[in-house]
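Only one structure is covered here, and it is reproduced in the block below.
The values are calculated or read from the model by the stated rules, or taken from the named source; none is laboratory data. It should be emphasised that the depicted structure is a prediction, and the values quoted were computed from it without experimental measurement. Virtual Cβ from ideal backbone geometry, glycine too; neighbours counted across all protein chains shown. The area values use the complete protein model at the heavy-atom level, side chains included, leaving out ligands, DNA and RNA. Shrake-Rupley method; radii C 1.70, N 1.55, O 1.52, S 1.80 Å.
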Amino acid sequence: MNNEPERGIQRKLRKRLRVESFFKLLMAASTWLVLASLVLILAIILWKSLPALKLSMITRNPGSGYYLGREGGILNAILGSLQVVFGATLLALAIALPAVVFLTSYLRQKSWLAELIRFSLDVLWGIPSIVYGAFGFLIMITFHLRASLLAGMITVAMVELPILSRALEETIRLVPSDLKEATYSLGASRWQTATRVVLRQVFPGLVTAVLMAMGRGLGDAAAVLFTAGYTDKITTSLLQPVATLPLAIFFQLNSPFPEVQQRAYASAAILTVLVLFISLASRRLSRRLGRHKIS
Amino acid sequence: MSIQRLSRRDRGPELATAPFAFFPVALAGAIFLALLIKAWPLLSLKSLSSLIFSSTWLPSRGHFGLWPFILGTIWVTISAFVLAVPVAILTSLYLSEYAPARVKRIFQPILDLLAGLPSVIYGMWGVLIVVPLVSKYLAPFFGRQSSGYSILAASLVLALMILPTIISVSVEVLNSVPLALKEAALSLGATRFEVIRYVVMKKSFPGMLAACVLGLSRAFGETIAVLMVVGNVPAIPRSLFSPAYPLPALLANNYGEMMSIPGYESALNLAALLLLVIVVGFSLLARWYLVRISRRSS
């Protein structure tokens with residue numbers, strides 16, 4: 001009978017569907033595993049930080065005997081981190097923005113010069129931040145600087161530069177070339193096109209890139225380890241040492257006193273909230289600023 | 001760009017922005033030169049291969065063998081990569097091909113947040129959870145003794161740290177596979193998994209590879225999170241359960257207070273230079289591969 005081949009096909013189909021459901025199960029399992037462990041990280045930080053999470057953590061500097069478990073907070077580190085990151089991001093943006101404009105508007109995309117610049121950005125992107133920290137330290141010795149806000153800012157700016165440039169270049173490359181050609185045909189120069197049309201088009205992307213770089217700079221401990229120093233006071237000058245949140249967490253965690261360790265957890269929760277705030281802000285802003293985009 | 005000639009009004013801005021574009025080139029060169037100059041005193045005394053492949057690290061007696069640190073870096077990076085990549089690929093396939101919209105809506109913000117979470121927090125979590133897990137459960141399970149501060153702990157922490165990055169980039173790559181291709185395969189009677197295996201994976205292979213390399217390079221240079229859980233013992237690691245001392249951790253623990261012992265400063269700068277050279281190697285490899293792929297497809 002001609003039933004035989006049909007049964008063979010049926011059997012094969014059943015096998016294929018079994019493979020399908022096996023892999024689907026595997027994928028779903030790994031997805032839930034990832035989600036569970038990521039949520040676990042956040043949950044454990046929050047749970048551990050609860051006992052030490054008081055208002056004084058964010059309103060006061062470390063008092064005398066703070067590192068033995070007495071009164072105080074980490075206002076110095078919160079403000080210090082913000083100072084370092086704002087300065088560093090401004091510096092990095094001041095270099096990345098003109099660099100990317102030159103790279104995308106004045107260079108032919110396939111020229112060896114453009115390739116060289118892109119390659120060195122790739123290399124910079126891959127350099128571990130601890131190496132930037134070491135390089136920053138070498139600069140400091142050469143110019144007889146102490147560990148200071150300025151040195152920390154410069155080092156973090158070097159870490160942020162490739163992140164910013166790459167993100168900017170990618171968003172600029174997405175701008176349709178019709179738009180540029182339309183402005184050229186109206187007699188606009190490349191500079192006018194770049195600054196008045198392209199940059200306006202990519203403004204939401206620019207904001208996201210800046211916030212992303214800020215997030216990275218905020219959490220980078222290795223870059224500020226040798227360059228920014230540490231202090232229990234609020235920094236008021238570029239040449240004073242400055243406290244930063246990741247280092248505050250790191251130092252408190254290494255303390256033998258359980259009270260101080262708990263404060264490390266609380267500081268970690270504060271840092272997490274700051275990063276969360278930045279990531280939410282970048283979502284909101286890019287959506288709101290994207291309203292006028294032509295695509 | 002189709003327009004070749006620059007208008008006269010463009011000369012000024014071109015000249016003004018050009019130096020900034022050369023800044024990255026200059027910076028990369030300056031870092032290389034500065035580290036080379038600082039490492040030179042040691043390099044002129046001993047051969048490079050004796051420094052790299054010797055495993056005696058006794059700075060006070062003038063022995064600067066970097067091999068234990070290099071091995072530590074390789075072990076930690078590779079095992080983190082091996083742990084993370086299969087899970088990341090399965091998860092991103094599920095998210096892009098199967099998951100209901102509701103799951104995606106929950107996942108995306110969590111991934112974004114965790115991709116940006118500072119490494120010191122992952123390290124702290126490692127000390128709290130992963131280190132006890134390794135010493136109390138995983139090591140006895142394999143019949144080993146371990147303090148928990150080990151290569152395994154470091155690679156678990158690192159794997160979890162690079163997962164969000166790899167997943168969110170891969171999902172973007174997978175979403176860019178044209179729907180028409182998938183529909184064509186489905187209409188020929190392929191199951192959804194067969195579509196994934198023969199169409200989606202094939203089409204998105206270069207992008208997925210790029211996502212994995214992104215994760216790899218982040219794992220490779222990670223300092224603080226690794227330093228907190230890896231044990232920092234300068235000896236050749238024997239197994240996943242033994243402690244190690246990767247290069248970035250060596251730098252973080254000793255750089256800045258190395259002036260008193262002769263040669264120490266040079267040795268640490270040589271370690272930093274090694275990290276830089278490996279990164280350059282990676283970038284060259286990636287670039288060569290991309291060129292090959294784009295040539296093949298065109």
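For region B:258-273, residues that are open to solvent by 30 Å² or more (accessible area, probe 1.4 Å) and within 18 Å of B:LEU35 (Cβ to Cβ) total 2.
Restricting A:THR227, A:THR236 to residues that are within 26 Å of A:GLY136 (Cβ to Cβ) and in contact (Cβ under 8 Å) with a residue 60 or more places away in the chain narrows the list to A:THR227. Does A:SER64 qualify as being open to solvent by 10 Å² or more (accessible area, probe 1.4 Å) and within 8 Å of chain B (Cβ to nearest Cβ)? Here the answer is no, as A:SER64 does not meet what is asked. Looking across region B:118-135, the residues that are under 19 Å from A:VAL275 (Cβ atoms) and either surrounded by fewer than 24 Cβ atoms within 10 Å (Cβ to Cβ) or touching a residue at least 12 places away in the same chain (Cβ under 8 Å) (or both) come down to B:SER119, B:VAL120, B:TYR122, B:GLY123, B:MET124, B:TRP125, B:GLY126, B:LEU128. When the residues of region B:194-217 are narrowed to those that are facing chain A (nearest Cβ under 9 Å) and open to solvent by 20 Å² or more (accessible area, probe 1.4 Å), which ends up nearest to B:PRO248 (Cα to Cα)? Filtering region B:194-217 for residues that are facing chain A (nearest Cβ under 9 Å) and open to solvent by 20 Å² or more (accessible area, probe 1.4 Å), the one nearest to B:PRO248 (Cα to Cα) comes out as B:SER217.
Restricting attention to region A:235-252, does a residue exist that is under 28 Å from A:ARG288 (Cα atoms) and open to solvent by less than 60 Å² (accessible area, probe 1.4 Å)? Taking every residue of region A:235-252 in turn, none turns out to be under 28 Å from A:ARG288 (Cα atoms) and open to solvent by less than 60 Å² (accessible area, probe 1.4 Å).
Filtering region B:80-105 to residues that are charged (D, E, K, R), surrounded by fewer than 18 Cβ atoms within 10 Å (Cβ to Cβ) and under 20 Å from B:ARG192 (Cβ atoms) leaves B:ARG102, B:LYS104. Applying a threshold of 7 Å to beta carbon distances and a minimum spacing of six or more residues, or different chains, the list of pairs starting in region A:87-100 at a residue that is without any contact (Cβ under 8 Å) to a residue 12 or more places away in the chain and assigned to a helix (DSSP H, G or I) and ending at one that is of a type in the set (A, V, I, L, M, F, W, C) and surrounded by fewer than 21 Cβ atoms within 10 Å (Cβ to Cβ) reads A:PRO98/B:PHE20.
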